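Taken together, the values in this text are just the output of simple stated rules run on the coordinates, not laboratory data. Because the structure is a prediction, the values reported are computed rather than measured. As a convention, Cβ positions derive from the backbone with ideal geometry for all residues, glycine included, and neighbour counts pool all protein chains shown.
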Amino acid sequence: MSKVILVTGAASGMGLATAKLLLEKGGRVAMCDINQSGLQQVISTLETEQRSRAFPQVVDVRDPTAVRDSLEKAKSYFGTLDGIANFAGTGGHGLGTEAIWETSVEEYDFILNLNVKGLFNILKESLRPGFLAPGASVVHIGSIFSLQGFKNGAVFAASKHAALGMVRSAAKETGDRVRVNCILPGVIDTPMHRANLARVKGFTPTAPTPIPRMGSAEEVAEVTVFLLSDESSFVTGVAWNVDGGANA
Ligand SMILES: NC(=O)c1ccc[n+]([C@@H]2O[C@H](COP(=O)([O-])OP(=O)(O)OC[C@H]3O[C@@H](n4cnc5c(N)ncnc54)[C@H](O)[C@@H]3O)[C@@H](O)[C@H]2O)c1
């Protein structure tokens with residue numbers, strides 16, 4: 001898939017797995033992350049030919065100016081931009097431990113700014129008519145908690161519901177100009193999930209799922225790349241579960 005894709009959250013977890021899969025398939029990838037050292041480390045491990053098709057950028061998706069600059073720079077570096085995969089996100093600092101009445105306003109702002117305003121910043125800039133290449137595709141990473149409540153994770157669940165509403169609305173606005181879809185991962189084995197497990201004893205946000213194991217970042221990457229590709233040309237506005245059946 002020789003497309004040019006901008007991936008946020010590309011230094012870790014599902015964003016990294018997606019950037020790597022795109023590079024393996026011959027794509028050119030703007031790899032964006034707030035974590036400069038993590039990004040440098042990841043770039044240094046790429047095989048030379050793949051590294052030549054990667055364009056690393058340190059970006060905070062919460063900052064509208066930084067997002068605009070990053071999109072413009074990626075487009076001018078590669079000459080075009082065929083799609084975006086937005087993995088930059090957070091579960092917050094107290095996921096699984098704080099009831100809504102225990103959640104601070106600062107925590108609310110942190111989660112909403114990253115999970116909702118970050119997406120808004122990206123869609124606002126990239127969906128302007130003429131910015132992305134014809135037939136472009138944007139994929140956002142929601143959560144199974146885009147569709148259900150999360151005990152001791154109300155603000156996280158609210159942010160993921162909001163993002164799904166934004167994705168579905170954007171899909172209606174862009175029509176056949178840009179496809180816009182949302183992936184809803186279940187429990188995926190990434191540094192974010194491992195940090196939750198280390199912080200909260202017995203962190204089990206979902207009941208036993210029909211496929212009774214965690215998913216891998218690579219399994220999410222495969223679906224993301226499909227939604228970015230022309231193989232999914234009639235797919236837009238979807239909430240696509242990659243969750244072992246958790247939302248069945
Ligand atoms: N891991 C799971 O079980 C799971 C389940 C459902 C949804 N999700 C969602 O998937 C997305 C990716 O999660 P992951 O598990 O791969 O996490 P991760 O922590 O492994 O990777 C997230 C990446 O986003 C980057 N990032 C954080 N804030 C940023 C910012 N302001 N600007 C740019 N980059 C930023 C981090 O530096 C990190 O490299 C998140 O939105 C998360 O909420 C994760």
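Among 125, 102, 72, a tally of other beta-carbon atoms within 10 Å of each Cβ gives an order, fewest to most, of 102, 72, 125.
Shown for the chain: lysine pairs separated by 8 or more places, or found on different chains, whose C-alpha atoms are under 17 Å apart, numbering 10. Here 77, 108 are placed in order of increasing Cβ neighbour count within 10 Å, fewest first, which gives 77, 108.
Which Cα, out of 145, 2, 134, lies furthest along the positive dipole direction of the chain (beta carbon charges, K/R +1, D/E -1)? About the Cα centre, the residue reaching furthest to the positive side is 134. Here the Karplus relation 6.51 cos²θ - 1.76 cosθ + 1.60, evaluated at θ = phi - 60°, turns the backbone of the range 138-154 into coupling constants of 10, 10, 10, 9, x, 5, 4, 7, 7, 10, 9, x, 10, 4, 6, x, 4 Hz, with x for every Gly and Pro.
Hey, got the dipole for the chain? About the Cα centre, +1 on K and R Cβ, -1 on D and E Cβ, debye to the nearest 20? I would put it at about 200 debye. Ranking 166, 187, 205 by how far each Cα lies toward the positive end of the dipole of the chain (charges on Cβ) leaves 166 at the top.
Ranked by the mean number of other Cβ atoms within 10 Å of their residues, highest first, the peptides 9-15, 189-195, 129-135 fall in the order 9-15, 189-195, 129-135.
Per the helix-only calculation at 222 nm, which mean residue ellipticity applies to the chain, given -39500 (n - 2.57) for every DSSP H run of n ≥ 4 and division by its residues, nearest 500 deg cm²/dmol? Kindly include the intermediate steps, with their values, before the conclusion.
Working: 9 runs with 100 residues, N = 248.
When only DSSP H runs of four or more count, the value is -12000 deg cm²/dmol.
Relative contact order of the chain: 21 percent, from C-alpha pairs under 8 Å at least 6 residues apart in sequence.
Starting from the Kirkwood radius over alpha-carbon pairs of the chain, derive D by Stokes-Einstein at 4 °C in a medium of 1.567 mPa s and give it in µm² s⁻¹. If you can, show how the numbers build up before the last one.
Details: Rh = 18.0 Å.
Stokes-Einstein gives a translational diffusion coefficient of 72 µm²/s.
For the range 213-223, the Karplus equation 6.51 cos²θ - 1.76 cosθ + 1.60, evaluated at θ = phi - 60°, returns couplings of 7, 6, x, 9, 4, 5, 5, 6, 4, 4, 5 Hz by residue, with Gly and Pro reported as x. Per-residue 3J(HN,Hα) values for the range 85-97, derived from phi via the Karplus relation 6.51 cos²θ - 1.76 cosθ + 1.60 with θ = phi - 60°, read 10, 9, 9, 4, x, 8, x, x, 8, x, 4, x, 10 Hz in sequence order (x marks Gly and Pro).
Ranking of 31, 1 by neighbouring Cβ atoms within 10 Å, starting from the fewest: 1, 31. The H on the amide N of residue 84, modeled in the peptide plane, is under 5 Å from the matching H of 6, 137, 138, 139, each at least 5 residues off or on a different chain. Loop-resident trypsin sites (Lys or Arg not before Pro) (DSSP state other than H, G, I, E or B) in the range 198-248 with no more than 15 further Cβ atoms inside 10 Å of their Cβ: 201, 213.
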